[in-house]
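A quick write-up on the structure given underneath.
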């Protein structure tokens, strides 16, 4: 599977398919040789088309990922301080980042992208900040680490939006970076040069390129301004992602530095619009919810990581009431499952409000169906890729549920089956098949590279553990 685009046109017949407007019966999907949907016929006959083995969903974009952190999972779940937090977790992350090599990063990302595909993600936004060698020196090819991620996406078949990270400081106001951050640091001009180098490489494999100013604490106002302007000259539609308002301590530090909360400062000082993804945005006041929603930016929610790090709960109801759009991401890879992210998002809202089915929508009372459609739409916007669902002109990115799975079998219809997939399949995957651009990446629930990729991942993680003395 070492080619960027599907090799041939194709078609698939589904008894039930989740279209942007809801479930439809007897749907015949047809796509061209570039993997774009040409036709979505409702009430069709199958003709000679292959039949899906269960309900067909749009593929889920993963709008926030740090691939290398998959190798850390399981190593931070112990109390190392009187009061553990994101900030203590970050120290181990820096140790792992310090021991990465290009080969280890590629092995970890390849295995992770296999996992993502098997779990229902069909594209990933890779928020990539480990640029240089362990001493902070550029590689002979300055794009070495970025290319490893592009290669991992290409060989697995997942769509990718590559987001090289601009990281220059350790705190608000340009505080010098720490030793643990030395692999991340780039000047603004150097970052723009990297983007120019990567643009044709991304185009060649059908990948999307954007920019990720890491956070307001990691870039100065001047660097943020110049980087965003430079990106617009390179590609006016390129996506921009930023970590923001994830932790209470971050909000307090921003107030001390500027007199404003992070999201309000960003809205007042940057051209925030539909290109932007505000990752986490956990701690906003009412004015920030309203202003950020008006901007058209997508909220990048990562429920499993936000729970794992003790970040807090995003108020989805307030965001949606303001017209805000959202998608989900796996972030630190504490969970690699599109369904589980949706489940955790809804359960967090239930715990906060003491109500059920909080994220159902007007006209769509089935909460899993409503969440899936919203997350696909928001994730596609954040990815800046045509991955917004099963509609003509969009990528033929789709997930086929296994109607014979014990948790799904015998249920009365596709809403109930999708609900069981999200809320009741737990760690028994109910996914039968995944296609990206029409090409089958997962069949029978498994990716062809699974065994090979996992063996390489194990070798890389073993080396990392030895190198970090974890």
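Brief remarks follow.
- Cβ-Cβ distances below 8 Å connect the following pairs, each with a first residue in the stretch 348-374 that is at positive phi and without any contact (Cβ under 8 Å) to a residue 40 or more places away in the chain, a second residue that is part of a helix (DSSP H, G or I) and buried (at least 21 other Cβ atoms within 10 Å of the Cβ), and a separation of six or more residues or different chains: 357/346; 357/367.
- Of all residues assigned to the stretch 325-333, at least one qualifies as being free of Cβ contacts under 8 Å to residues at least 60 places away in the same chain and under 16 Å from residue 281 (Cα atoms).
- Annotation note: of 180, 173, 210, the sole residue that is closer than 22 Å to residue 281 by Cβ and touching a helix residue (DSSP H, G or I) at 6+ places or on another chain (Cβ under 6 Å) is 173.
- Note on the stretch 441-455: residues that are within 23 Å of the chain's Cα centre (by Cα) and surrounded by fewer than 19 Cβ atoms within 10 Å (Cβ to Cβ) amount to 6.
- Within the stretch 23-49, considering residues that are on the phi > 0 side of the Ramachandran plot and surrounded by fewer than 15 Cβ atoms within 10 Å (Cβ to Cβ), the one modelled with the lowest pLDDT: 47
- Looking across the stretch 166-193, the residues that are assigned to a helix (DSSP H, G or I) and either free of Cβ contacts under 8 Å to residues at least 60 places away in the same chain or surrounded by fewer than 19 Cβ atoms within 10 Å (Cβ to Cβ) (or both) come down to 179, 180, 188, 189, 190, 191, 192, 193.
- For the stretch 356-366, the set of residues classified as in a loop (DSSP other than H, G, I, E, B), surrounded by fewer than 17 Cβ atoms within 10 Å (Cβ to Cβ) and touching a helix residue (DSSP H, G or I) at 6+ places or on another chain (Cβ under 8 Å) consists of 356, 357, 360, listed by residue number.
- The conditions of being within 16 Å of residue 63 (Cβ to Cβ) and either in contact (Cβ under 8 Å) with a residue 12 or more places away in the chain or surrounded by fewer than 21 Cβ atoms within 10 Å (Cβ to Cβ) (or both) are not met by residue 406.
- Scanning the stretch 300-343 for residues that are assigned to a strand (DSSP E or B), surrounded by 24 or more Cβ atoms within 10 Å (Cβ to Cβ) and more than 11 Å from the chain's Cα centre (by Cα) yields one hit, 326.
- Taking (1) under 17 Å from residue 317 (Cβ atoms); (2) part of a loop (DSSP other than H, G, I, E, B) in turn, residue 346 satisfies each apart from (2).
- Filter result for residue 209 (surrounded by fewer than 21 Cβ atoms within 10 Å (Cβ to Cβ), touching a strand residue (DSSP E or B) at 6+ places or on another chain (Cβ under 9 Å) and within 10 Å of residue 162 (Cβ to Cβ)): no
- Number of positions in the stretch 426-448 that are in a loop (DSSP other than H, G, I, E, B), farther than 21 Å from residue 15 by Cα and in contact with a strand residue (DSSP E or B) (Cβ under 9 Å, 6 or more places away or on another chain): 1
- Selection count, the stretch 394-419, where residues are within 22 Å of residue 326 (Cα to Cα) and assigned to a loop (DSSP other than H, G, I, E, B): 3
- Filter result for residue 425 (in contact with a helix residue (DSSP H, G or I) (Cβ under 9 Å, 6 or more places away or on another chain), under 17 Å from residue 53 (Cβ atoms) and surrounded by fewer than 24 Cβ atoms within 10 Å (Cβ to Cβ)): yes
- Residue tally, condition farther than 20 Å from residue 93 by Cα and in contact with a helix residue (DSSP H, G or I) (Cβ under 7 Å, 6 or more places away or on another chain), over the stretch 318-342: 13
- Failed condition for residue 271, given (1) modelled with pLDDT of 95 or more; (2) under 22 Å from the mean Cα position of the chain (by Cα); (3) surrounded by fewer than 21 Cβ atoms within 10 Å (Cβ to Cβ); (4) not in a helix (DSSP H, G or I): (2)
The values are calculated or read from the model by the stated rules, or taken from the named source; none is laboratory data. All figures in this text were calculated on a predicted structure; none of them were measured in a lab. In this analysis, Cβ positions are derived from the backbone assuming ideal geometry, glycine residues included, and neighbour counts consider all displayed protein chains.
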